[in-house]
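The values are calculated or read from the model by the stated rules, or taken from the named source; none is laboratory data. Bear in mind that the values here come from a model prediction, so they are computed numbers and not experimental data. Counting neighbours? That spans all protein chains shown, and the Cβs are built from the backbone with ideal geometry, glycine included. What goes into the accessible areas is simple: the full protein's heavy atoms, side chains included, and nothing from ligands, DNA or RNA. Shrake-Rupley method; radii C 1.70, N 1.55, O 1.52, S 1.80 Å.
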Amino acid sequence: MNRLTIALVQQTCTNDHDATLTKTCDLIRQAAAKGARLVLLQELHCGPYFCQTEETTQFDRAEPIPGPTSERLGALAGELEIVLVASLFERRAAGLYHNTAVVFETDGSIAGIYRKMHIPDDPGFYEKFYFTPGDLGFTPIQTSLGRLGVLVCWDQWYPEAARLMCLAGAELLIYPTAIGWDPSDTPEEQERQRSAWETIQRGHAVANGLPVLSINRVGHEPSPDPAASGIRFWGNSFVAGPQGELLAKASNDQEELLMVELDLIRTEQVRRIWPFLRDRRIDAYQDLTKRFRD
């Protein structure tokens, strides 16, 4: 297979789980009707980004995998004969929860899962309260469309994560995401943040000679804390080629299906002229496993 049509589903989310998931499923159907064989969903797409505050009742949103939502999404992937990347709040056991990406095969089965490894803890993004760090490592998920290097949101800032996926044979790097602005930030600061987010991921594409697909949510979501201003998720979902070139990009304020056809041969071509993996000095990188060189 030399070419692959992919759809990134950028959408708003509400507190109504069933209505939000139904909308997501409708968008997945639209993507498949337009020829997408691989469909990618944003981080925690079944509802609002609940990590803006720390509240134990939010754990009621979690469910096991397999569970009701994964079964519904798997059935849809099987019906449409697509590979689908979803993002769920996983209840692994009482008091043990993960931010988990689930990859469904074209027959509806679960090809594999990835549990978010890097967990942030910042104002408005209190994820350490909710999520245990992943324990499955940086392992690509084998599908009928290739080996998918699925990472999640905060993982996208770490070149080590992208590199380890690459070294394990990933053919695409995929980042379901929920990132946005504090509405009180200046327009200049907002643009610096958005630009940094795009730049770091395009850098992963260049350093590893792989396409990068980043799927972000969009729209303003108020905080449960009346003193906080909420988050305006900035959209801008995008696809970059193996030299970091932008192949497709969504808006910052609209729901949309971002469709792109990838040339899967380009990784081989690019790596022949930029053989970064050949020239890595693996004999000199031991200190990368240290927290800091002091």
Within the stretch 1-26, of all residues that are of a type in the set (Ser, Thr, Tyr), open to solvent by 30 Å² or more (accessible area, probe 1.4 Å) and not in a strand (DSSP E or B), the one nearest to PRO176 (Cα to Cα) is THR12
When (1) under 26 Å from THR5 (Cα atoms); (2) surrounded by fewer than 16 Cβ atoms within 10 Å (Cβ to Cβ) are applied to ARG278, the one that fails is (1)
When SER229 is run through (1) touching a Pro at 6+ places or on another chain (Cβ under 6 Å); (2) of a type outside the set (Lys, Arg); (3) open to solvent by less than 50 Å² (accessible area, probe 1.4 Å), the failure sits at (3)
Of the residues in the stretch 29-44 that are part of a loop (DSSP other than H, G, I, E, B) and either aliphatic (A, V, I, L, M) or more than 19 Å from VAL218 (Cβ to Cβ) (or both), the one that is most open to solvent (accessible area, probe 1.4 Å) is LYS34
Check: If you check GLU188 against the conditions, is it acidic (Asp, Glu) and surrounded by 14 or more Cβ atoms within 10 Å (Cβ to Cβ)?
Finding: no
inquiry  = With the structure loaded, tell me whether ALA227 is more than 15 Å from the chain's Cα centre (by Cα), modelled with pLDDT of 95 or more, of a type in the set (A, V, I, L, M, F, W, C) and more than 16 Å from LEU40 (Cβ to Cβ) or whether it fails that test.
reply    = no
